[in-house]
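Participant: Can you read through this structure? Questions will come right after.
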């Protein structure tokens with residue numbers, strides 16, 4: 001064992017209770033760091049999952065054509081354009097070629113080519129405005145997890161059945177197995193058998209959404225070719241911006257990531273992360289102050305011994321290193337203890353995705369254990385620099401003569 | 001032909017300054033020490049004995065003059081060079097032993113060699129055991145410094161001073177804190193080792209009994225050898 005390590009270790013074990021207290025203090029600081037990391041990470045997972053779990057992460061649409069300029073007068077800077085008719089639809093005419101390409105991307109979890117449109121649902125005297133989404137029969141649960149949110153029936157789609165939001169069904173007074181009529185904004189009317197009802201907790205879906213098969217939607221909205229949009233779900237929601245840029249570059253289509261429409265959520269997550277980082281920084285500062293003050297006391301108390309060591313031929317570098325190694329050892333042991341305790345305390349928590357409304361959304365995977373350990377060792381080592389430099393400045397002649 | 005002296009100091013001056021006040025402590029000390037010589041440094045309190053020892057031990061620098069040991073001029077050496085030189089060639093025995101309390105007798109003795117080697121070697125431990133046996137403490141090898149009596153601590157300090165086979169041992173009142181019997185044992189030991197290892201000793205003392213055991217006496221008065 002290097003001699004400097006032996007001396008540092010001996011000094012640490014010379015006063016076991018004091019060292020144990022110091023290491024406990026460091027461990028508590030590390031525990032706070034780990035806990036805050038897991039909590040802030042878990043909160044982010046929960047919020048993102050609840051916000052974007054049932055929506056498309058990237059929506060691909062045909063680019064809007066520039067409006068036709070009718071008159072331009074450069075002197076008075078006036079531009080006259082023709083407004084596009086709301087009934088005019090922009091279609092992805094060549095989307096079929098891109099679907100396999102996008103589906104093959106490793107970051108993509110699911111893809112749902114869709115034909116969408118508006119209409120009215122009729123049941124006796126009752127009528128309700130609906131937003132109709134035509135999907136491939138096996139893709140009805142690809143974007144929104146309707147399967148686990150079914151209140152009745154199933155998500156299976158055929159050309160003649162329809163899956164509705166529970167609230168919409170309630171408004172119309174229909175149940176699974178009953179027939180409803182759907183009139184599209186093209187004036188085409190068809191009857192469907194209600195196959196399933198869902199409630200995801202989002203008004204826009206539960207009160208307005210109706211899912212039909214892609215072929216039925218083509219008929220309803222007179223779109224025999226092309227698609228209205230392609231919805232994409234990713235394995236990692238935080239990659240949405242990068243993947244959307246890639247898809248747009250590769251296909252020339254408009255690819256909008258979920259982040260574009262959820263700026264407030266992202267701001268909130270950023271603010272939350274900043275608060276967490278502040279608390280973690282304070283935990284580290286506490287560690288630095290604790291280690292620095294303990295080592296300062298130690299160097300003061302050991303001034304005579306340091307003088308003797310210097311008289312025996314210990315260099316200033318050796319003395320410096322003895323106290324820096326002590327700082328590093330305190331950081332390492334306290335860090336290991338803190339991360340270990342942190343993991344043990346956080347492990348029983350369920351994943352944040354499964355956390356109920358009353359529970360703490362702790363994500364044990366986001367404890368940042370390695371980072372906590374590394375920062376603690378670095379912080380404790382840095383904290384020992386000042387005391388160790390002060391120790392190295394001890395002149396043997398002054399302490400020996402005392 | 002006589003061997004070259006271990007130590008030669010010429011016109012050694014040490015003046016302490018505190019603000020505008022200058023206090024001359026050594027006023028041109030000249031002395032030599034031969035190999036294996038046992039020399040007493042005598043003088044009243046305030047005569048400059050301790051200051052001279054700290055300069056000879058490279059723990060302090062002279063204000064002027066020459067300090068040559070083993071043919072090397074130490075007045076121009078850097079701090080790091082002096083530290084290394086001290087570790088290799090000079091041993092210290094202090095009045096209050098100054099052992100490291102958290103280390104055993106063996107570890108205290110090994111310390112200078114471990115500083116030199118960067119670790120405790122088996123060879124150094126063997127030498128430390130041999131030295132502790134020589135000072136009669138083979139049964140106290142694993143005792144902590146705090147578990148030893150005053151005389152035992154001073155004997156451990158002598159063993160530690162000899163660990164790296166220094167050419168010069170500087171002892172500052174080595175028997176000052178000991179009872180009569182312990183003091184006699186320590187002096188016997190110093191005389192024996194000086195003879196056997198050809199180590200030079202400069203012993204600062206007020207005690208005429210100690211001075212009488214040395215072959216030569218150097219008297220310091222008011223900062224100069226008289």
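Participant: For region A:190-220, enumerate the residues that are outside any helix (DSSP H, G or I) and over 32 Å from the mean Cα position of the chain (by Cα). Spell out how you get there, then give the answer.
Facilitator: From region A:190-220, those outside any helix (DSSP H, G or I) are A:190-202, A:207-213; that's our starting set.
Those that are outside any helix (DSSP H, G or I) and over 32 Å from the mean Cα position of the chain (by Cα): A:190, A:191, A:192, A:193, A:194, A:195, A:213.
Participant: Just to be sure before I move on: is residue B:74 more than 11 Å from chain A (Cβ to nearest Cβ), surrounded by 17 or more Cβ atoms within 10 Å (Cβ to Cβ) and within 20 Å of residue B:54 (Cα to Cα) in the structure I sent? Can you show your working first?
Facilitator: Working: more than 11 Å from chain A (Cβ to nearest Cβ): yes; surrounded by 17 or more Cβ atoms within 10 Å (Cβ to Cβ): yes; within 20 Å of residue B:54 (Cα to Cα): yes.
In short, yes.
Participant: Going by what's in this entry, would residue B:79 be described as closer than 30 Å to residue B:150 by Cβ, surrounded by fewer than 21 Cβ atoms within 10 Å (Cβ to Cβ) and within 9 Å of chain A (Cβ to nearest Cβ)?
Facilitator: Details: closer than 30 Å to residue B:150 by Cβ: no; surrounded by fewer than 21 Cβ atoms within 10 Å (Cβ to Cβ): yes; within 9 Å of chain A (Cβ to nearest Cβ): yes.
When the stated conditions are applied, residue B:79 does not pass them.
Participant: Does residue A:347 satisfy the condition of being surrounded by fewer than 16 Cβ atoms within 10 Å (Cβ to Cβ), touching a helix residue (DSSP H, G or I) at 6+ places or on another chain (Cβ under 7 Å), away from every other protein chain (no Cβ under 14 Å) and at pLDDT 90 or above? I'd like the intermediate steps shown before the answer.
Facilitator: Numbers: surrounded by fewer than 16 Cβ atoms within 10 Å (Cβ to Cβ): yes; touching a helix residue (DSSP H, G or I) at 6+ places or on another chain (Cβ under 7 Å): yes; away from every other protein chain (no Cβ under 14 Å): yes; at pLDDT 90 or above: yes.
For residue A:347, the condition - surrounded by fewer than 16 Cβ atoms within 10 Å (Cβ to Cβ), touching a helix residue (DSSP H, G or I) at 6+ places or on another chain (Cβ under 7 Å), away from every other protein chain (no Cβ under 14 Å) and at pLDDT 90 or above - is met.
Participant: Quick check on region A:277-299. Is at least one of its residues touching a helix residue (DSSP H, G or I) at 6+ places or on another chain (Cβ under 9 Å), within 14 Å of another protein chain (Cβ to nearest Cβ) and closer than 30 Å to residue B:108 by Cβ?
Facilitator: yes
Participant: Same structure, new question: Of (1) without any contact (Cβ under 8 Å) to a residue 12 or more places away in the chain; (2) part of a helix (DSSP H, G or I), residue A:241 satisfies all except one. Which?
Facilitator: If we test residue A:241 against (1) without any contact (Cβ under 8 Å) to a residue 12 or more places away in the chain; (2) part of a helix (DSSP H, G or I), just (1) comes out false.
Participant: Continuing with this model, one more query. Quick one: in region B:82-94, which of the residues that are in contact (Cβ under 8 Å) with a residue 40 or more places away in the chain and in contact with a helix residue (DSSP H, G or I) (Cβ under 9 Å, 6 or more places away or on another chain) is surrounded by the most Cβ atoms within 10 Å (Cβ to Cβ)? Can you show your working first?
Facilitator: To start, the set of residues in region B:82-94 that are in contact (Cβ under 8 Å) with a residue 40 or more places away in the chain comprises B:87-94.
Now restrict to residues that are in contact with a helix residue (DSSP H, G or I) (Cβ under 9 Å, 6 or more places away or on another chain): B:87-88, B:90-94.
Numbers: B:87: 22, B:88: 15, B:90: 25, B:91: 28, B:92: 26, B:93: 25, B:94: 22.
Restricting to residues being in contact (Cβ under 8 Å) with a residue 40 or more places away in the chain and in contact with a helix residue (DSSP H, G or I) (Cβ under 9 Å, 6 or more places away or on another chain), the top hit is B:91.
Participant: Quick check on residue B:65: is it over 28 Å from residue A:301 (Cα atoms), away from chain A (no Cβ under 14 Å) and surrounded by fewer than 19 Cβ atoms within 10 Å (Cβ to Cβ)?
Facilitator: Values: over 28 Å from residue A:301 (Cα atoms): yes; away from chain A (no Cβ under 14 Å): yes; surrounded by fewer than 19 Cβ atoms within 10 Å (Cβ to Cβ): yes.
Spelling it out, residue B:65 is indeed over 28 Å from residue A:301 (Cα atoms), away from chain A (no Cβ under 14 Å) and surrounded by fewer than 19 Cβ atoms within 10 Å (Cβ to Cβ).
Participant: Run down B:53, B:59, B:38 and say which single residue is within 30 Å of residue A:8 (Cβ to Cβ) and either buried (at least 22 other Cβ atoms within 10 Å of the Cβ) or within 12 Å of the chain's Cα centre (by Cα) (or both). Write out each step before concluding.
Facilitator: Numbers: B:53 fails: within 30 Å of residue A:8 (Cβ to Cβ); B:38 fails: within 30 Å of residue A:8 (Cβ to Cβ).
Just one listed residue meets the conditions, B:59.
Participant: Go through region B:101-115 and count every residue that is more than 7 Å from chain A (Cβ to nearest Cβ) and touching a helix residue (DSSP H, G or I) at 6+ places or on another chain (Cβ under 7 Å).
Facilitator: If we filter region B:101-115 for residues that are more than 7 Å from chain A (Cβ to nearest Cβ), which is where we start, we get B:101, B:104-110, B:113.
After this cut, where a residue has to be touching a helix residue (DSSP H, G or I) at 6+ places or on another chain (Cβ under 7 Å) as well, the list is B:101, B:105-106, B:108-110, B:113.
Summing the residues that are more than 7 Å from chain A (Cβ to nearest Cβ) and touching a helix residue (DSSP H, G or I) at 6+ places or on another chain (Cβ under 7 Å) in region B:101-115 gives 7.
Participant: I'd like the residue in region A:12-22 that is in a helix (DSSP H, G or I) and either out of contact with any helix residue (DSSP H, G or I) (no Cβ under 6 Å at 6 or more places or on another chain) or buried (at least 22 other Cβ atoms within 10 Å of the Cβ) (or both) and, out of all such residues, is nearest to the other protein chains (Cβ to nearest Cβ). Working first, answer last.
Facilitator: Step one: list which residues in region A:12-22 are in a helix (DSSP H, G or I), which gives A:12-14, A:16-22.
Filter once more, keeping what is either out of contact with any helix residue (DSSP H, G or I) (no Cβ under 6 Å at 6 or more places or on another chain) or buried (at least 22 other Cβ atoms within 10 Å of the Cβ) (or both): A:13-14, A:16-18, A:20-22.
Details: A:13: 8, A:14: 4, A:16: 12, A:17: 15, A:18: 13, A:20: 16, A:21: 18, A:22: 17 Å.
The residue in question is A:14.
Participant: Within region B:41-50, which residues are crowded, with 16+ Cβ neighbours inside 10 Å and more than 23 Å from residue A:311 (Cα to Cα)?
Facilitator: First, pick out the residues of region B:41-50 that are crowded, with 16+ Cβ neighbours inside 10 Å: B:41-43, B:47-50.
Result: B:43, single match.
Participant: Within region B:6-35, how many residues turn out to be assigned to a loop (DSSP other than H, G, I, E, B) and surrounded by fewer than 18 Cβ atoms within 10 Å (Cβ to Cβ)? If you could, list the steps in order and put the result at the bottom.
Facilitator: Start the filter on region B:6-35 by keeping residues that are assigned to a loop (DSSP other than H, G, I, E, B), which leaves B:6, B:19-20, B:34-35.
Now narrow it down to the ones that are surrounded by fewer than 18 Cβ atoms within 10 Å (Cβ to Cβ): B:19-20, B:34-35.
Selection size over region B:6-35: 4.
The values are calculated or read from the model by the stated rules, or taken from the named source; none is laboratory data. For clarity, every value in this text was computed on a predicted model and none was experimentally measured. Cβ: placed from backbone, ideal geometry, glycine included. Neighbour counts: every protein chain shown.
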